[in-house]
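These notes are about the structure you will find just below.
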Amino acid sequence: MSVAIENRAELSKELAAFVEEWRNKPGNLIMVLHKIQEEYGYVPEPVAREVARRLRVPEAQVFGVLTFYNFFNLEPPGKHRIAVCMGTACYLKGGGSILEDLSEYLNVPINGVTADKQFSLQAVRCIGCCGLAPAVLIDGEVVGKLTKEKMRETLKKYRENTQEALVTSQAL
Amino acid sequence: MPYANFCLICRGTACESSKADVLYDEIKQYVAANNLSEQVQVLRTGCFGFCEQGPIVKVLPDEAFYVQVKPEDAEELVTEHLLKGRPVERLIYREPGVHALGNIDQISFYQKQFRIALRNCGFIDPENIEEYIAREGYVALERVLFEISPDDVLKELETSGLRGRGGGGYPTWRKWKHTKEAVADQKYVVMNADEGDPGAYMDRSLLEGDPHSVLEAMAIAGYTTGADTGFVYVRAEYPLAIKRLRTAIAQAEEYGVLGDNILGSGFSFTIEIRLGAGAFVCGEETALLLSIQGERGTPVQRPPYPAVKGLWGKPTVINNVETFASIPVILTKGGAWFAKVGTETSKGTKVFALTGKVRNTGLIEVPMGITLRDVVYSIGGGIPGDKKFKAVQSGGPSGGMISSENLDTEIDYETLTALGSMMGSGGLIVMDEDDSMVDVARFYLDFTVEESCGKCVPCRVGGRQILHLLQKIADGKGTTEDIDRIEEIGKTMKASSLCGLGKTAASPALSAIRYFRQEFIDAIPADAKEDAV
Ligand SMILES: Cc1cc2nc3c(=O)[nH]c(=O)nc-3n(C[C@H](O)[C@H](O)[C@H](O)COP(=O)(O)O)c2cc1C
Ligand code: SF4
Ligand code: FES
Ligand code: FES
């Protein structure tokens, strides 16, 4: 990503087209921010500034909105994103201890990213699969009826996949 | 040639998380490979409600109810059942006294249910408008456009007694009437699909399983009130629901039941999607409208109500997903039909997400007036592991605990409020003897404190104080005065907070104290409670 003057970023073609499409629609800001997050996995500040300029919205308003809504991340997430459901149904069935165990196992604070940037750990609210409580989302996929053991087992797969990928990329 | 067999595969979020998508592809493949494509229709449907047993596959007309079906089972299912007519016994759902082959309605989970809002969920392919149309879809819209007047629509809704399913229970016809009578150059219809209750997924399943019914209802609301634009405000956390809504809108436009000059009537109505961004307070209607406008979602004082002054200051009808989902069928079957179900003040049915410590968890739709006992024991199958029932929580973070003395209460808006809880949007969470009421109250307060927008003092400060006191009691450091303090602060919050979040935030704590005071007292160290008894 090239950073242009005044700490504003250039936009990808797709993002620029999206902003253009929404520019004159009332209430476009949140939709555009969603698009940014979809593209980058978070909302990089320079991109937000550039979008503010293009939409002719004051930067203060953009950052006001970004900080109000929990869904937007201002920091880059890990390669794999783990979201532990802490909705009522999952909480009652032990979601809290799964969250704590993960935090210990991965050595990462809740809402933080591991040192190797492989995993980010988040507590979220109801992912709509309460019938499968306790449930966790990993990279958007639901894993339900969890126990600590099953959770660790699942993570191993992700770990191995990443390590394999690392080995292959080094071999290349 | 008509199909001889139908194979319905649930593709709701919960089942997809257990590979129902792969299962669907596999079954289709085996059906084709066995030259059965002419005889068997393989259907992707929305949630059957019994998510806990998913992935679920239903074969009709044999009425075979298969549960926990894995992609590896696809071949056997197709070659045995669909080809040779021999149901695969090992996958058929069983419970004491029921073997779910030819008698799906005997399954205790389904027995006391009555489906109005969920009428199509689990029966049709939500990504195919023709299936919705085949089940009387868009018939109500056609009737409204060509046969009856907007006033007739209001009258039918009034007869039906339909009240808002998003929590408040305001009569829908009256809301629409306010907007209809408001004079303005522009009006809007908004669907609240923000579903913030952290333990509930009624709206999600409706959107995933039957998106056209709510789109049809929004168009009807538009015609009735004089609006030409609708917005769906949906949680960004619901990607499948969003995708199916988008598909449904595109198909509806293609079929001329949305967009310009609907069915040649001269009436135009377009629907756009706006995404929420993880703020519970945005489920509150005034906050939600600001969020659609692209702003921070901070509630504002009502009146004026959105019905007269809403989105961009224009009259706006805002209803919940389930409210909308009930409307087309009210207009085809008649308000009187709907009003036959339910209690004196609360007509029709309600969808609940039954979760927590019950054997059968899932999505249910029951007539208003059903008892909690029926829900927990008949539908839910009771408490697992021989544990004792302790409480059921309704209304989410705005609701309260209901104890065993009140299990025979007939559920409706008024009875739940009288018990110190509320109908809410439909979360029903069962708790057993292992669950601590102090801890559950703390859990909810933790939620509302985090989600409070901070605009008004009673909510911002009061919520934090209650949370602090609950934490203190949970840590074994409380005093009996702390319990009284919680009640006092709760009353103040209820009386003087600006929006519903603050007004009801104390309810989980207040109801826990009301029914389980002894548990709070027991948590207090002996030296701090001399004067308690
Ligand atoms: C804090 C708070 C959260 C709310 N969340 C929702 C929600 O998630 N879904 C919903 O339909 N209504 C929610 N409501 C109620 C709405 O403000 C509004 O009453 C409702 O959408 C109106 O639709 P109805 O008449 O069809 O129920 C919430 C209210 C408050 C105060
Ligand atoms: S009651 Fe709470 S959420 Fe509502 S406006 Fe006041 S501070 Fe905000
Ligand atoms: S509470 Fe965890 S999925 Fe609903
Ligand atoms: S998602 Fe399949 S039964 Fe609910």
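The values are calculated or read from the model by the stated rules, or taken from the named source; none is laboratory data. A quick note: this is a predicted structure, and the numbers were derived from the prediction, not measured. All Cβ positions, even for glycine, are placed from backbone atoms using ideal geometry, and neighbour counts span all protein chains on display. What goes into the accessible areas is simple: the full protein's heavy atoms, side chains included, and nothing from ligands, DNA or RNA. Shrake-Rupley method; radii C 1.70, N 1.55, O 1.52, S 1.80 Å.
What to note about this one:
- Taking N as the residue count of chain B, its C-alpha radius of gyration divided by 2.2 N^0.38 Å amounts to 1.01.
- Extent along the principal axes, Cα only, for chain A: 50, 46, 24 Å, with the longest axis given first.
- Relative contact order (percent, whole number), segment B:349-430, Cα cutoff 8 Å, 6+ residue spacing: 36 percent
- Relative contact order %, segment B:437-528, counting alpha carbon pairs below 8 Å whose residues are six or more apart: 38 percent
- Spread over its residues, the convex hull of the C-alpha atoms of segment B:129-338 is 110 Å³ per residue.
- Area accessible to solvent at B:LYS309, 1.4 Å probe radius, in Å²: 120 Å²
- Taking the convex hull of the alpha carbon positions in segment B:88-178 and averaging its projected area over all directions gives 9.5 nm².
- For segment B:349-430, Kirkwood radius (reciprocal of mean inverse C-alpha pair distance, Å): 12.2 Å
- With the whole protein complex present, B:VAL139 retains an accessible surface near 60 Å², based on a 1.4 Å probe.
- Protein accessible area in segment B:129-338, 1.4 Å probe - carbon and sulfur %: 48 percent
- In this structure, the residue pairs whose Cα-Cα separation is over 21 Å, taken from B:LYS388/B:LYS494; A:LYS93/B:LYS58; B:LYS112/B:LYS388; A:LYS79/A:LYS156; B:LYS357/B:LYS388, are B:LYS388/B:LYS494; A:LYS93/B:LYS58; B:LYS112/B:LYS388.
- Using just its DSSP H runs of length 4 or more, each adding -39500 (n - 2.57), chain B gives a mean residue ellipticity at 222 nm of -11000 deg cm²/dmol after division by all residues.
- Overall dimensions of segment B:5-111 by Cα: Rg and Dmax, Å: 12.7, 37
- Angle between chain A longest axis and helix A:95-106 axis [Cα atoms, degrees, rounded to 10]: 80 degrees
- Helix axis angle, A:148-171 relative to chain A longest principal axis, alpha carbon, degrees: 60 degrees
- Taking 0.36 nm per residue of separation and subtracting the Cα-Cα distance, full extension of the segment from B:THR417 to B:SER37 would add 131.5 nm.
- Residue with peak Gaussian network fluctuation, chain A [Cα springs, cutoff 10 Å], from A:ALA135, A:ALA16, A:ALA52: A:ALA16
- In chain B, the DSSP beta bridges split such that about 55 percent are antiparallel, to the nearest 5.
- Reachable lysines, given that their alpha-carbon falls under 21 Å from the alpha-carbon of B:LYS529 and they are not under 8 places away in the same chain: B:LYS472, B:LYS477
- Per-q log10 I(q)/I(0), segment A:5-68, q = 0.12, 0.14, 0.22 Å⁻¹ (Debye; single scatterer per alpha-carbon; no solvent): -0.24, -0.33, -0.87
- Cα-Cα pairs of the protein assembly as shown separated by more than 41 Å (percent): 30 percent
- Excluding ligands, DNA and RNA, the accessible surface per residue across segment B:129-338 is 32 Å² with a 1.4 Å probe.
- Label-point separation, A:GLU39 to B:LYS333 (7 Å along Cα→Cβ), nm: 4.8 nm
- A Förster distance of 25 Å, applied to the separation of the beta-carbon atoms of A:ALA115 and A:GLU149, puts the FRET efficiency at 0.55.
- Ranking B:SER404, B:GLY420, B:THR361 by Cα position along the charge dipole of segment B:349-430, where only Lys, Arg, Asp and Glu carry charges on their C-beta atoms, puts B:THR361 farthest toward the positive end.
- A simple count of charges around A:GLY131, restricted to other residues whose Cβ falls under 14 Å of its Cβ and scoring Lys, Arg +1 and Asp, Glu -1, yields +2.
- Positive minus negative residues near B:LYS28 (Lys, Arg vs Asp, Glu; Cβ under 13 Å): -3
- Portion, in percent, of the accessible area of segment B:5-111 that falls on carbon or sulfur, probe 1.4 Å: 44 percent
- Protein-protein interface of segment A:40-89, residues with accessible area decrease of at least 50 Å², isolated chain reference, 1.4 Å probe: A:PHE68, A:TYR69, A:ASN70, A:PHE71, A:THR88
- Principal-axis tilt of helix A:13-22 within chain A, Cα atoms, nearest 10 degrees: 70 degrees
- Within chain A, helix-based [θ] at 222 nm, where runs of 4 or more DSSP H residues each add -39,500 (n - 2.57), nearest 500: -15000 deg cm²/dmol
- Unit Cα scatterers, Debye sum, segment B:395-469: log10 I(q)/I(0) for q = 0.11, 0.13, 0.17, 0.19 Å⁻¹: -0.33, -0.46, -0.74, -0.89
- A cut-off under 15 angstrom between Cβ atoms defines the neighbours of B:PHE267, and their net charge, with Lys, Arg +1 and Asp, Glu -1, is -3.
- Here is the interface size for B with A: some 3300 Å² of accessible area buried, both sides summed, with a 1.4 Å probe.
- B:ILE107 contributes about 0 Å² of solvent-accessible surface, heavy atoms of the protein only, 1.4 Å probe.
- Only the Cβ atoms of Lys and Arg (+1) and of Asp and Glu (-1) were treated as charged; on that basis the dipole of chain A about its Cα centre amounts to roughly 340 debye.
- FRET efficiency, B:ILE148 to B:GLU95 (Cβ-Cβ, R0 45 Å, nearest 0.05): 0.50
- In terms of overall dimensions, segment B:437-528 has a Cα radius of gyration and Dmax of 12.3, 40 angstrom.
- Percent carbon-and-sulfur accessible area, chain A, ignoring ligands, DNA and RNA, probe 1.4 Å: 51 percent
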